[in-house]
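Step one of this worksheet: look at the structure below.
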Amino acid sequence: MNNVREVEVVVIGAGQAGLAAAYHLRRSGFEPERDFVVLDHAPAAGGAWQFRWPSLTYGKVHGMHALPGMELTGADPARPSSEVVAEYFDAYERAFDLRVRRPVDVRAVREGTGGRLLVETSDGTWSTRALINATGTWDRPFWPRYPGQETFRGRQLHTARYPGPEAFAGLRVVVVGGGASGTQHLLEIAPYAAETTWVTRRPPVFREGPFDEGAGRAAVALVEERVRQGLPPKSVVSVTGLPLNDAIRQGLADGVLDRLPMFDRITPDGVEWDDGRRVAADVILWATGFRAAIDHLAPLRLREPGGGIRVEGTRAVADPRIHLVGYGPSASTIGANRAGRAAVRDIRRLLAEEPVAA
């Protein structure tokens, strides 16, 4: 095949997980461009952070862990997290000379010859001995489907395109979703909107007290068990509950966080339930999460009957050349850092660079 470039490792994605993996490749003696390449489809450094809504200031971010080897210091908590983190990621890429290629869209990963994989992209094809997939979830917002959805005369949008609370001034807003994004949106929108309504499939679980290391490990273990079984991963947040902080307590006291069960259908003017309850709405905001962006791996047939990719640690059980970092239990920022290191350790073994202690 003409114009195929060969490397030892291709890293897809330059968010927290991809940069952590690239850092550990560099530390292990792999040279960027010669031994490995990092491909990122975003227009600039910052991963999914660069697309976050302006009102999500750095001070509101929960559990943003620094990338390995370089702390994020002196950030103004009042600045948008999209700016703070993008600048940090950009400085990180330059500090460690990671030479991220962007914007590059990865279209498919296929079986090549001689035990290699072919990574087909908008910037040509790469042949590699191992692949670290760090594509995250931001590009696959999950939109549930309900009867009558196409008839709604108002506006429907997803967290991925949330413009900030001012856009909802004077409007009747239904927020769907029981996670952190849904509650953040409600608390922000309520002072501007004419009316807000919160609906979730399951009653929200609020977590009292500190979320210590033991609780974190237990939550990660639950997600890890799902990917070991080949089921689609749930987010770590989905099994930890919502932290009962001062803002949440105030929202509960004010009635902003009075939750209704999921509606049964959407009408041209709002939503309704089988028991006859109706809520008029101008906007339905779907804070319903994201799914793993792994469609480009489809030619390798890694998915299990349960719908997910079975993973041990970061390694795809069906193909030891493939590592999924930032998938399932490593989707948190601290998990992504650890997974990047683990993936590189396994890949070094696979490529027989040198024996590596566990």
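Values as computed for the structure displayed
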{"item": "Test: residue 167 is without any contact (Cβ under 8 Å) to a residue 60 or more places away in the chain and more than 22 Å from residue 46 (Cβ to Cβ)", "result": "yes"}
{"item": "Residues of region 175-208 satisfying the condition of being modelled with pLDDT of 95 or more, closer than 18 Å to residue 277 by Cα and not β-branched (Val, Ile, Thr)", "result": "195, 198"}
{"item": "Qualifying residue in region 82-99 (condition: assigned by TED's automatic domain parsing to the domain that holds residue 346 and assigned to a strand (DSSP E or B))", "result": "no"}
{"item": "Yes/no for residue 113 being assigned to a loop (DSSP other than H, G, I, E, B) and assigned by TED's automatic domain parsing to the domain that holds residue 8", "result": "yes"}
{"item": "Residue match in region 35-52 (condition: at pLDDT below 90, within 17 Å of the chain's Cα centre (by Cα) and assigned to a loop (DSSP other than H, G, I, E, B))", "result": "yes"}
{"item": "Region 295-316, residues that are over 16 Å from residue 130 (Cα atoms), among the hydrophobic types (A, V, I, L, M, F, W, C) and buried (at least 18 other Cβ atoms within 10 Å of the Cβ)", "result": "309"}
{"item": "Condition met for residue 285 (assigned to a strand (DSSP E or B) and on the phi < 0 side of the Ramachandran plot)", "result": "yes"}
{"item": "Of all residues making up region 240-256, the number that are of a type in the set (A, V, I, L, M) and touching a strand residue (DSSP E or B) at 6+ places or on another chain (Cβ under 6 Å)", "result": "2"}
{"item": "Qualifying residue in region 104-111 (condition: acidic (Asp, Glu) and touching a Ser or Thr at 6+ places or on another chain (Cβ under 8 Å))", "result": "yes"}
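Residues checked against (1) outside any loop (DSSP other than H, G, I, E, B); (2) of a type in the set (A, V, I, L, M, F, W, C); (3) without any contact (Cβ under 8 Å) to a residue 12 or more places away in the chain; (4) in contact with a Phe, Trp or Tyr (Cβ under 7 Å, 6 or more places away or on another chain):
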position	(1), (2), (3), (4)
271	yes, yes, no, yes
275	no, no, yes, no
296	yes, no, no, no
307	no, no, no, no
323	yes, no, no, no
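The values are calculated or read from the model by the stated rules, or taken from the named source; none is laboratory data. Note that this is a predicted model, so its numbers are computed, not measured. We place every Cβ from the backbone using ideal geometry, glycine too, and count neighbours over all the protein chains shown.
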